[in-house]
């Protein structure tokens, strides 16, 4: 493999250099949008003391999500929109660990979470939003009155690494998404210093993707891995 290539042969190779203590972004919502193979590889790799930014802190069941890193004690903090279990009688590993002071959490309204990530991606220094005004989530934050309405100041969320799942890519890293891959994946891919992508359908030569249908330019992408036909994740 040429040193300049963004294409890696295995998921383990793609995450091999992730150090302890980094901040990582992982999209949520499940379905086809989760980078399950990269999460499984990072779990095997062993990085710890990380801060996670995701829509939620992981669910329950046998499908790989960010919860495997939480349950393994690799996360020191989760920044997410949903921290509570969907069924109060069935607490997730995150809820149990949070109640035992084993992991920290920052709750962010979902729209604010998305906008904080987008602000990082687009180089926006901060923004005002009416969301959370009058709640505990706005305590200690700057408030401003504009046009008769109160807004709270929020800052961008940057990450060291983003783990992303895309439908197709070219060898430069231009990405196309499909279905629920277009939730947090595009903005997270642009908000991290290093973006690692597992590609579902194909990694094609530069020029084969329709330029009008590229959702993330390759300038934001650092590493690509093609998902094998069996769709492995362990």
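The values are calculated or read from the model by the stated rules, or taken from the named source; none is laboratory data. No experiment lies behind these values; they were computed from the predicted model shown. Cβ coordinates were reconstructed from backbone atoms using ideal geometry, including for glycine residues, and neighbour counts include every protein chain displayed.
I'm told residue 18 meets every condition in (1) in a loop (DSSP other than H, G, I, E, B); (2) under 16 Å from the mean Cα position of the chain (by Cα); (3) at pLDDT below 95 except one. Can you identify the failing condition by its number?
Unmet condition: (3).
Within segment 23-42, is there a residue that is assigned to a helix (DSSP H, G or I), free of Cβ contacts under 8 Å to residues at least 40 places away in the same chain and over 13 Å from the mean Cα position of the chain (by Cα)? Steps first, please.
Just the residues of segment 23-42 that are assigned to a helix (DSSP H, G or I), to begin with: 31-33, 36-42.
From what's left, free of Cβ contacts under 8 Å to residues at least 40 places away in the same chain: 41.
After this cut, where a residue has to be over 13 Å from the mean Cα position of the chain (by Cα) as well, the list is 41.
Yes, because at least one residue in segment 23-42 is assigned to a helix (DSSP H, G or I), free of Cβ contacts under 8 Å to residues at least 40 places away in the same chain and over 13 Å from the mean Cα position of the chain (by Cα).
Which one of the conditions (1) surrounded by 21 or more Cβ atoms within 10 Å (Cβ to Cβ); (2) within 18 Å of the chain's Cα centre (by Cα); (3) modelled with pLDDT of 95 or more does residue 181 fail to meet, given that it meets all the rest?
Result: residue 181 fails condition (3) only.
Is it the case, given these coordinates, that residue 76 is out of contact with any strand residue (DSSP E or B) (no Cβ under 6 Å at 6 or more places or on another chain), within 21 Å of residue 156 (Cβ to Cβ) and at pLDDT 95 or above?
Values: out of contact with any strand residue (DSSP E or B) (no Cβ under 6 Å at 6 or more places or on another chain): yes; within 21 Å of residue 156 (Cβ to Cβ): yes; at pLDDT 95 or above: yes.
Taking the combined requirement at face value, the residue satisfies it.
Going by the conditions given, is residue 174 under 17 Å from residue 29 (Cβ atoms), touching a helix residue (DSSP H, G or I) at 6+ places or on another chain (Cβ under 6 Å) and surrounded by 13 or more Cβ atoms within 10 Å (Cβ to Cβ)?
Working: under 17 Å from residue 29 (Cβ atoms): no; touching a helix residue (DSSP H, G or I) at 6+ places or on another chain (Cβ under 6 Å): yes; surrounded by 13 or more Cβ atoms within 10 Å (Cβ to Cβ): yes.
Answer is no for this residue.
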